[in-house]
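The values are calculated or read from the model by the stated rules, or taken from the named source; none is laboratory data. Just so you know, these numbers come straight off a predicted model, no measurement behind them. Note: ideal-geometry Cβ built from the backbone for every residue, glycine included; neighbour counts use all protein chains shown.
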Amino acid sequence: MLRLNNISVSFPNGKQETKVLDGIDLNIKEEKFTSIIGKSGCGKTTLLRVIAKLQKPTNGSVDIKNNRIKIGWVPQQVVLLPNSTVLENILLPIDITKHKYKKEFLDHLLVKYGLDKYVGFYPNQLSGGQKQIVSIIRALIINPDLLLLDEPFASLDSYTREKIDIELASKIRSEKITTIMVTHSIEEAVFMSDEIILMKPILPSKIKNIFDIKFSGIRNLDLKNTQQYSEWINLLRNKLLDSIEINDEV
Amino acid sequence: MRFKNILIKLALFSTFILAWQLALILNQHLSEVNNQTSLQAFIPTPLTITETIFNNYKLLLSELSITIVRAFFGISLGFLFALLMGVLFWVRPSLRKTTFPILLAINSFPIVGFTPLIIITFGQGSWLGIVFVSSLISYFPMLVALDQAISYASKDFFELGRTWGASESAIFRKIVIPLSTPYVLNSLKLAIPASIVGATLGEWLGTNHGIGHLVIVSMYQLNPGMVYSSLLLILAFSLSVVGIISKKEERYRH
């Protein structure tokens, strides 16, 4: 689906340059959910922006199977037209690209995420979490081949976050959308992902580990009570803490 | 509550008009006693203004309509220029850095003093000269508004549009323009009165028609009633347009 070859990214820092990513080789599997985790500022968002072609790498290349793929992008900061309603904001990509969409699919998403009564509202009449949900539905409405989520649930309360995790994970799996998500939540990453990429905390950052997450059962709330789930959480937490501590000692 | 507000405004306005009328009547009596020139030679009473408007409404409306058409062309030209510059700033942000200070300088330039030269350049009696003065005075608020909207829209919305594979013109039409609309509407509240001032200013010097011309002629004829009537009509028109725009703008206040 997507291959990153020896990606490096540097940003100007005064007269010098700061290298954020160095030599990233990565193969993103089709129809799978991949999460990127790591310490704050380690270049996770930069990596996602390189994949979205919003950030040109200093070195290396991004090979996409089909260059005309539809990308659903959910940025960290909610970006909504303030003078357009929820519905107008959701349909903005449709209006711009003239892609077709299914009305029933939209209605289903609105009901599922509890926004069906808010379609005529304006963004400033919504809570932070609702705005982020609008952003997610807007990304899903174009029926994307590649869904890129940059900490999409950061502004949600834990209850809504858990509810949306379950619904989104099930939606993405049933629609078989290749998804890459940047997150700080290990629990969220384990629950939703088929693959988790752990980034090194020091700059320039590289990929430290890649974990294949496999569960025998369906991904629902019960999964969170299983031994297997807890083991994954502990393993990843330790790996993340190890890498940060080693870095702090250095 | 709304009715009460209207009543308060009406009371204040009536008091002001009554005080104006009474002050001038008193001044006239005192002037007659002291054998001095009455202030009414320069300042008409509200009654005189009403009479003048009533007796000359055809002339006033015909001259006003000429000024409005000129101001309309002026503001349209100003808007097209602001839009063109806005698009150029959006496509080439580096151009903004070099050009914006120049445009700011032009706006700070005392155009009133420069108007006779503009009128002479375009030719005495030329519509173009008046339209140009009107556009020169009115373009800047619209440019600032578009520039604000474009800088607000630039990064995040542009990136979002790029991920959808949208063309730059589609992003401009579907994102930048809707984002700019409230800013532009707000700027029109400054730009429309400015364009009328510009057109009136041009008419003082350049033509034989329009409210500006009527004001100058009435001044030479020592007819303050006509001067005030003309200016009052201009004011009423500007306020009505600003009122309509404010109503339109309410749609964007969320």
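Condition first: out of contact with any strand residue (DSSP E or B) (no Cβ under 8 Å at 6 or more places or on another chain), within 30 Å of residue B:176 (Cα to Cα) and surrounded by 16 or more Cβ atoms within 10 Å (Cβ to Cβ). Can you find one or more residues in the range B:31-52 that meet it?
Initially, the range B:31-52 is screened for residues out of contact with any strand residue (DSSP E or B) (no Cβ under 8 Å at 6 or more places or on another chain), giving B:31-52.
The next check asks that each one be within 30 Å of residue B:176 (Cα to Cα); those that pass are none.
No: the range B:31-52 contains no residue that is out of contact with any strand residue (DSSP E or B) (no Cβ under 8 Å at 6 or more places or on another chain), within 30 Å of residue B:176 (Cα to Cα) and surrounded by 16 or more Cβ atoms within 10 Å (Cβ to Cβ).
In a loop (DSSP other than H, G, I, E, B) and crowded, with 17+ Cβ neighbours inside 10 Å - does that describe any residue in the range A:57-67? Looking through the range A:57-67, at least one residue is in a loop (DSSP other than H, G, I, E, B) and crowded, with 17+ Cβ neighbours inside 10 Å.
Restricting B:145, B:166 to residues that are aliphatic (A, V, I, L, M) and within 11 Å of chain A (Cβ to nearest Cβ) narrows the list to B:166.
Starting from residues that are of a type in the set (Phe, Trp, Tyr) and within 11 Å of chain B (Cβ to nearest Cβ), keep the ones in the range A:105-131 and report whichever is surrounded by the fewest Cβ atoms within 10 Å (Cβ to Cβ).
Here is the first cut: in the range A:105-131, the ones of a type in the set (Phe, Trp, Tyr) are A:105, A:113, A:118, A:121-122.
So of that shortlist, the ones also within 11 Å of chain B (Cβ to nearest Cβ) come out as A:121-122.
On the way: A:121: 16, A:122: 19.
If we take residues in the range A:105-131 being of a type in the set (Phe, Trp, Tyr) and within 11 Å of chain B (Cβ to nearest Cβ), then A:121 is surrounded by the fewest Cβ atoms within 10 Å (Cβ to Cβ).
Residues considered: B:180, B:238, B:187. Of these, the only one that is within 24 Å of residue A:121 (Cα to Cα), crowded, with 18+ Cβ neighbours inside 10 Å and of a type outside the set (A, V, I, L, M) is B:180.
Under the condition of being of a type in the set (A, V, I, L, M, F, W, C), out of contact with any Gly (no Cβ under 8 Å at 6 or more places or on another chain) and over 13 Å from residue A:141 (Cβ atoms), which residue from the range A:72-104 is farthest from the other protein chains (Cβ to nearest Cβ)?
Filtering the range A:72-104 down to residues of a type in the set (A, V, I, L, M, F, W, C) leaves A:73-74, A:78-81, A:86-87, A:90-92, A:94, A:96.
In the following step, the residues that additionally are out of contact with any Gly (no Cβ under 8 Å at 6 or more places or on another chain) were identified as A:73-74, A:79-81, A:90-92, A:94.
Of the ones still in play, those that are also over 13 Å from residue A:141 (Cβ atoms) are A:79-81.
Details: A:79: 4, A:80: 10, A:81: 6 Å.
Applying the filter and picking the extreme gives A:80.
Does residue B:209 satisfy the condition of being in a helix (DSSP H, G or I) and within 21 Å of residue B:115 (Cα to Cα)?
On the way: in a helix (DSSP H, G or I): no; within 21 Å of residue B:115 (Cα to Cα): yes.
So residue B:209 fails the test.
Here is a list of conditions, (1) in contact with an Asp or Glu (Cβ under 9 Å, 6 or more places away or on another chain); (2) at the interface with another protein chain (Cβ under 10 Å from one of its Cβ atoms), and residue B:185 meets all of them except one; can you say which number that is? In the conditions (1) in contact with an Asp or Glu (Cβ under 9 Å, 6 or more places away or on another chain); (2) at the interface with another protein chain (Cβ under 10 Å from one of its Cβ atoms), residue B:185 misses (2) alone. Listed by first and then second residue, the pairs linking a residue in the range B:194-209 that is closer than 13 Å to residue B:111 by Cα to a residue that is at pLDDT below 85, with Cβ atoms under 6 Å apart and 6 or more places separating them unless they lie on different chains, are B:201/B:115. Here the condition is being within 13 Å of the chain's Cα centre (by Cα) and among the small types (Gly, Ala, Ser); of A:170, A:155, A:135, it holds for A:135 alone.
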